[in-house]
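The values are calculated or read from the model by the stated rules, or taken from the named source; none is laboratory data. The structure presented is a predicted model; accordingly, all values stated were derived computationally and were not measured. Here the Cβ positions follow ideal geometry from the backbone for every residue, glycine too, while neighbour counts run over all protein chains shown.
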Amino acid sequence: MGVVIAGTGKALPELKIENEYLSRLVDTDSQWIIDRTGIETRHIATNETALDLAVKAAQEAMGGMDKDSIELVLVATVSPDMLVPSMGALVKRTLGLKNAIAYDINAACSGFIYGIWNAEALMKIHGIKRALVIGVERLSRITNWEDRGTCILFGDGAGCAVLELSDSKTGIISSFVKNYDDVTDCLIVDIQYPKTPFSDDGPKDPYINMNGSQVFRFAVGAIGEAMDSVLQKAGIKADDVQYYVPHQANMRIIQSAAQRMKQPVDKFQVNIKTTGNVSAASIPMALSDLMKSGKVHSGDKIMLVGFGGGLSAGAILFEAL
C-alpha cells in the first residue's frame, strides 16, 4: 500500500511587485536584490484572502475529483486569516468537503513537508483514501516593509497536492523530518496580543525577524542532512533522482544544495525569480509548476526538500504517477 501524489495546483495574487518598487521603500536596487537572492518579482495579495488562494489552489489540484472522496485537509501556514477557525476548517467549509477532517500545521517554511509526512502516516493508519495538503501564505501582512533585510524576500501565494492511497503504486518512497532548537531566535514572528486587565506584556514586534546569515548556515547543513537521509532510507544515490523541488528561500541556498549533492542546478525546480519566498507555499507551488511542465514521466523520482523556523527541516522522496 502506497500514497501517491495524484494532483497539484497553485494560486498567486494578481498584483506583482518588481524589485524597482522596493527601491522606493528601502535603500536598495534591483541588481542588489537579484545578486543576493535571485528574486526579481513577487506577488502580493490586496483583495485576496489566504482562504481565496488556498481554495483556488485546491480546486486546480482536485480537477474533477469527487468532493466527497476528500477525507483529510491539512493546511500549512504561518499567516492565516484568523486563529479560529483554522484555515483547514475554512477550506473544508468553502469547498463543501463534508467527509474531511481538517486542521492546520505551523512549521513555517517546512510546513508542506510536515503536512505530507503527517498525511501519509494518517492515510496508511486509518485507511484515508484521499487528502489535500495545502501550503498558503500572506506573508505581506507580517513583513516589515521598512526592513531591507526581509522585505525584499517574501511574497504571497498557495500550492496544493492531492494525495491518494494506492494498492498498486509506491508513491512516497521515504521521508525525513527534524526539529532543531532555535536557541538564538534567528527566525521569529512575535504576537501582539491586546492588553488585558490582568497583564501587560508590553509592545511586541509582529513582523518577521530573521538573522539572515545564521539562517543561511543552518539551511545549508539542514538541507544536506534531509537529502542524505531520504536517499539512504531509499537505498539510492542522488544521481537516481530526476528532479529536486527545494524550498524557494534564496537562489544561493539552492545552488549550495546542488553543489553539495554534486547535481546540476537544472535538476532543481526553481521559481524564486518570479515568486520570492512564500514560506509553506513555496514547495507546493514549485511542485505544481514541475508536474505541469511536461518534463515529468511516470516512475520519475522527485525529492521535495525544505527548511524553516522552529528550526525545522525535512524531505520527501516519491515516484511520479
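Tabulated values for the structure
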{"read-out": "Residue check, Ser279 at pLDDT 95 or above and either within 27 Å of Ile134 (Cβ to Cβ) or not hydrophobic (A, V, I, L, M, F, W, C) (or both)", "value": "yes"}
{"read-out": "Search result, residues across segment 156-178 that are under 12 Å from the mean Cα position of the chain (by Cα) and either under 22 Å from Asp66 (Cβ atoms) or among the small types (Gly, Ala, Ser) (or both)", "value": "Gly157, Ala158, Gly159, Cys160, Ala161"}
{"read-out": "Filter result (of a type in the set (D, E, K, R) and under 20 Å from Val189 (Cα atoms)) within segment 84-119", "value": "Asp104"}
{"read-out": "Whichever residue in segment 249-266 is assigned to a loop (DSSP other than H, G, I, E, B) and touching a residue at least 24 places away in the same chain (Cβ under 8 Å) and, among such residues, is nearest to Leu187 (Cα to Cα)", "value": "Ala249"}
{"read-out": "Residues of segment 283-321 satisfying the condition of being touching a Phe, Trp or Tyr at 6+ places or on another chain (Cβ under 8 Å) and farther than 26 Å from Ile236 by Cα", "value": "Gly310, Leu311"}
{"read-out": "Filtered residue count, segment 169-191, keeping only those that are farther than 20 Å from Ala313 by Cα and in contact (Cβ under 8 Å) with a residue 40 or more places away in the chain", "value": "3"}
{"read-out": "Residue satisfying condition, being more than 16 Å from the chain's Cα centre (by Cα), among the small types (Gly, Ala, Ser) and either in the same structural domain as Ala107 (by TED's automatic domain parsing) or closer than 23 Å to Ser174 by Cβ (or both), within set Ala257, Ala219", "value": "Ala257"}
{"read-out": "Qualifying positions in segment 225-234 - in contact (Cβ under 8 Å) with a residue 40 or more places away in the chain, under 25 Å from Gln214 (Cα atoms) and surrounded by fewer than 19 Cβ atoms within 10 Å (Cβ to Cβ)", "value": "Glu225"}
{"read-out": "Tally, over segment 2-29, of residues that are over 23 Å from the mean Cα position of the chain (by Cα) and either closer than 16 Å to Ala286 by Cα or among the charged types (D, E, K, R) (or both)", "value": "4"}
{"read-out": "Lone unmet requirement of (1) within 17 Å of the chain's Cα centre (by Cα); (2) of a type in the set (D, E, K, R); (3) more than 21 Å from Ser140 (Cα to Cα) for Lys273", "value": "(3)"}
{"read-out": "Considering residues of segment 235-274 that are surrounded by 17 or more Cβ atoms within 10 Å (Cβ to Cβ) and in contact with a Ser or Thr (Cβ under 7 Å, 6 or more places away or on another chain) only, the residue farthest from Ile105 (Cα to Cα)", "value": "Met251"}
{"read-out": "Residue in segment 301-316 that is surrounded by fewer than 18 Cβ atoms within 10 Å (Cβ to Cβ), modelled with pLDDT of 95 or more and part of a loop (DSSP other than H, G, I, E, B) present", "value": "no"}
{"read-out": "Any hit, segment 262-272, residues being closer than 26 Å to Asn19 by Cβ, in the same structural domain as Met210 (by TED's automatic domain parsing) and polar (S, T, N, Q)", "value": "yes"}
{"read-out": "Scope segment 151-168; condition of a type outside the set (A, V, I, L, M, F, W, C), modelled with pLDDT of 95 or more and out of contact with any Lys or Arg (no Cβ under 6 Å at 6 or more places or on another chain); matching residues", "value": "Gly157, Ser166"}
{"read-out": "Residue ranges of strands (runs of 3 or more DSSP E) in segment 106-213 with at least 2 members surrounded by fewer than 17 Cβ atoms within 10 Å (Cβ to Cβ) and in contact with a strand residue (DSSP E or B) (Cβ under 9 Å, 6 or more places away or on another chain)", "value": "172-179"}
{"read-out": "Answer from Asp201, Asp190, Asp181, Asp156 - the residue that is in contact with a Ser or Thr (Cβ under 7 Å, 6 or more places away or on another chain) and among the acidic types (Asp, Glu)", "value": "Asp156"}
